[in-house]
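Undergrad: Questions regarding the structure given below will be posed in turn.
The values are calculated or read from the model by the stated rules, or taken from the named source; none is laboratory data. The structure displayed is predicted, hence computed values, not measured ones. FYI the Cβ positions are ideal-geometry reconstructions off the backbone, even for glycines, and counts take in every protein chain you see.
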Amino acid sequence: MQTFRKKLGIMFFVCSFVSVLLVGAFVNYTVKDKFNKYIESAQEDRRNQIINSLEAEFALEGQWSENSGMSALHEAYMGNYCLTLLDEDKNIIWGMDPYDVRSRVNLDAMPVEDSGVYTTQVYELKHKGEVVGFVEIGQYSALLLTGSDVEFIRAVNNSILISGIITIIATFLLGLYISKHFSEPVKRAASQSIALSKGEYGGVIVGKSQIVEIEMLRNSINTLAEKLEKQDELRKRLISDISHEIRNPLNILQNNIEAMIDGIIPISEKNLDMINDEVIRFGKLLENLNSLNDLENQKTEFLFQKTSLKMILQEVCSKYEITAKSGDITLELFAEEDVAVFADKSKLKQVFINLISNAIKYNVKGGRVEVFLQKINDRPAVVIKDTGIGISEGDLPYVFERLYRDDKSRNKIEGNGLGLSITKKILEYHKASVTVESTVGKGSVFRVIFQAKA
C-alpha cells in the first residue's frame, strides 16, 4: 500500500509528464509542418526563378546554346538541384550530373519521405506564348534542406527536449510541494482517526485548511472526537449511576434488616414501611430500565388510534394538581381547541407525565408550570414551560441520555434519570420530536411537535 502523499505525487507527476509529452509532440509537429511548408514554398520560388531566368536568356539571345542559362545553372548548384536544358524537340543542350548533386546534399539529415530517391519534373519554357524548350529539374528528396536548415531543425528539437526536461523537473518539485500541502491535513485526520479507534479522545486537529472538503473533514473528526469523549464520560457515568442507584436502596435494605435482626431498631410498622418504600423505588428503577430496553429493541407494542391531546393533558394536569399545590407551584393548562393525533394513548400519557412531573419536581417554591396545546408551523404541538432551576448549556445536549442528571439535581432531588430517555423513545415511535431550551435559574421549555393531526 502507498501513502496518500506518495500516491498523489505519482499521479501528479504522471499527469504532468504525459501533458509535457503531448505538448512537446504537438509543438514539434507544428514547427515541423510550418517549416516544411516554408521550405516547399522556397523551393517553388527557386523553380520559378530558374524557369524565368532561362526564358529571359532565350528572349535576349533568340536561341539556345551551350552557354545558355549559366546563371540558372549556378542557382541550381546552390539549391542542390540537377538541371537538364532541352530544346523544343527535347534534344539535350546541356545537363548536370545527378551523382555530383547526390554527394553534396544532406540526405542523412533529411527526415522526410522519399529521402535519397531521385525524382525529376519537366517544365515548359515559353517565349511569346510558344514553347521554345524544356527544363528538367531533378532532386534527391521531396524537400531539399541546406546545412542551415538541418541545424535549425536540430536546434528546435533540442530546445523542445530541454524545455520538456526542465518542465518535468519543475512539475515534479511542484508536485512534491502540492502533495505535501494536500496530504498533511489528511495525514493528521488519519492519525486522529486511529487515535479515536484506540479510545484516545483528547486530541484535536489544529490548523485550518483553505480547502472546503478538508476543512469539513477536520471539523467532523474534531466534533466526533468531542462527542466520543462525552459519550465515554457518559458511559463511565452510566456505570457509576447504575451502581449508585442500585446500591443505595440495597444498602438501606441491608442496614435496616441487619439492625432489626440485631435488635438495634424495633420491627415496627414505620420501619417496615420505610423498607417497603425502598423496595418500591428499586422496583421502579428496574421497571424503567426494562421499559427503556424494550423501547430501544423494538419489543414494546403500540396500539395507535385517534387520540385527543386535550383530554390526555387534562388527565395528567389533574393528576399532578395536588402535587403542584403542595410545593407552592401553580400548574395551568391552556388548551382552547382540541387536537387529535394517531397515538398510543397510554404511552403518550406517560410522555406528558414525565415532562410535567419533571417541570414540578425541578421547580422552585412559588414557581409556575404552564402547559400549552397549540400549533407550530400548522403541526400539533404541546409546549411545557416552567420557572424552575433550569439546565446548564453544557448539559442540554445530553438531557435525553439514559441516567443523565446534572450534579446539582442529583444531589438535591430524587430521580433516576430515565424519564426523558423513555419520553424521547416513545415520541420517536409516534414520529414526533421533542426539543428543550433552558436557562439556569430561569427555567426550561420543552416542545413536543407531532407530524400531523388525525
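Undergrad: Got a number for residues in segment 400-422 being among the hydrophobic types (A, V, I, L, M, F, W, C), at pLDDT 65 or above and part of a loop (DSSP other than H, G, I, E, B)?
TA: Of the residues in segment 400-422, 2 are among the hydrophobic types (A, V, I, L, M, F, W, C), at pLDDT 65 or above and part of a loop (DSSP other than H, G, I, E, B).
Undergrad: List, please: which pairs have Cβ atoms under 6 Å, are six or more places apart or on different chains, and start with a residue in segment 43-57 that is farther than 24 Å from Asp149 by Cβ and end with one that is surrounded by 15 or more Cβ atoms within 10 Å (Cβ to Cβ)?
TA: Short answer, once both residue conditions are applied: Leu54/Gly69; Leu54/Ala72; Leu54/Leu125; Leu54/Val135; Glu55/Leu125; Glu57/Ser68; Glu57/Gly69.
Undergrad: Return yes when Leu22 is free of Cβ contacts under 8 Å to residues at least 12 places away in the same chain and either under 60 Å from the mean Cα position of the chain (by Cα) or not assigned by TED's automatic domain parsing to the domain that holds Val156 (or both) and no when it is not.
TA: So Leu22 fits the description; yes.
Undergrad: Just give me the residues in segment 433-454 being in a loop (DSSP other than H, G, I, E, B) and either in contact with a Cys (Cβ under 9 Å, 6 or more places away or on another chain) or over 18 Å from Ile376 (Cα atoms) (or both), in sequence order.
TA: Val440, Gly441, Lys442
Undergrad: Of these, Leu250, Leu234, Leu228, which one is closer than 30 Å to Ser183 by Cβ and either touching a helix residue (DSSP H, G or I) at 6+ places or on another chain (Cβ under 9 Å) or modelled with pLDDT of 80 or more (or both)?
TA: Checking each option against the conditions leaves just Leu228.
Undergrad: Related question: Name the single residue, out of those in segment 354-399 being in contact with a Phe, Trp or Tyr (Cβ under 8 Å, 6 or more places away or on another chain) and at pLDDT below 90, that is nearest to Ser444 (Cα to Cα).
TA: Once the filter is applied, the top-ranked residue is Asp395.
Undergrad: Let me ask another. Residue check, Ala259 against (1) among the aliphatic types (A, V, I, L, M); (2) at pLDDT below 80; (3) more than 42 Å from the chain's Cα centre (by Cα), all met but one. Which one?
TA: (2)
Undergrad: Residues to consider are Ile10, Ile39; find the one that is of a type in the set (A, V, I, L, M) and under 26 Å from Leu83 (Cβ atoms).
TA: Selected residue: Ile39, the only one of Ile10, Ile39 that is of a type in the set (A, V, I, L, M) and under 26 Å from Leu83 (Cβ atoms).
Undergrad: Can you tell me which residue within segment 364-394, out of those that are among the polar types (S, T, N, Q), closer than 26 Å to Leu348 by Cα and in a loop (DSSP other than H, G, I, E, B), is nearest to the chain's Cα centre (by Cα)?
TA: Filtering segment 364-394 for residues that are among the polar types (S, T, N, Q), closer than 26 Å to Leu348 by Cα and in a loop (DSSP other than H, G, I, E, B), the one nearest to the chain's Cα centre (by Cα) comes out as Asn377.
Residue by residue, here is whether (1) surrounded by fewer than 19 Cβ atoms within 10 Å (Cβ to Cβ); (2) part of a helix (DSSP H, G or I); (3) touching a residue at least 12 places away in the same chain (Cβ under 8 Å) holds:
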| position | (1), (2), (3) |
| --- | --- |
| Thr307 | no, no, yes |
| Leu313 | no, yes, yes |
| Gln350 | yes, yes, yes |
| Ser357 | yes, yes, yes |
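Undergrad: Right, something else. State which residue is modelled with the highest pLDDT when the search covers only segment 58-73 and only residues that are out of contact with any Asp or Glu (no Cβ under 7 Å at 6 or more places or on another chain) and either outside the structural domain of Gly133 (by TED's automatic domain parsing) or surrounded by 15 or more Cβ atoms within 10 Å (Cβ to Cβ) (or both).
TA: Among residues in segment 58-73 that are out of contact with any Asp or Glu (no Cβ under 7 Å at 6 or more places or on another chain) and either outside the structural domain of Gly133 (by TED's automatic domain parsing) or surrounded by 15 or more Cβ atoms within 10 Å (Cβ to Cβ) (or both), the one modelled with the highest pLDDT is Phe58.
Undergrad: How about segment 314-348: which of its residues are touching an Asp or Glu at 6+ places or on another chain (Cβ under 7 Å) and of a type in the set (D, E, K, R)?
TA: The answer is Glu332, and nothing else.
Undergrad: Follow-up. Here is a check on your reading of the model: is Lys385 of a type in the set (D, E, K, R) and within 20 Å of Ser421 (Cβ to Cβ)?
TA: Considered against the rule, which asks whether it is of a type in the set (D, E, K, R) and within 20 Å of Ser421 (Cβ to Cβ), Lys385 comes out as no.
Undergrad: Another question, then. Suppose we filter Gln314, Gln305 for residues that are farther than 17 Å from Lys385 by Cα and modelled with pLDDT of 90 or more; which single one remains?
TA: Being farther than 17 Å from Lys385 by Cα and modelled with pLDDT of 90 or more holds for just one of Gln314, Gln305, which is Gln305.
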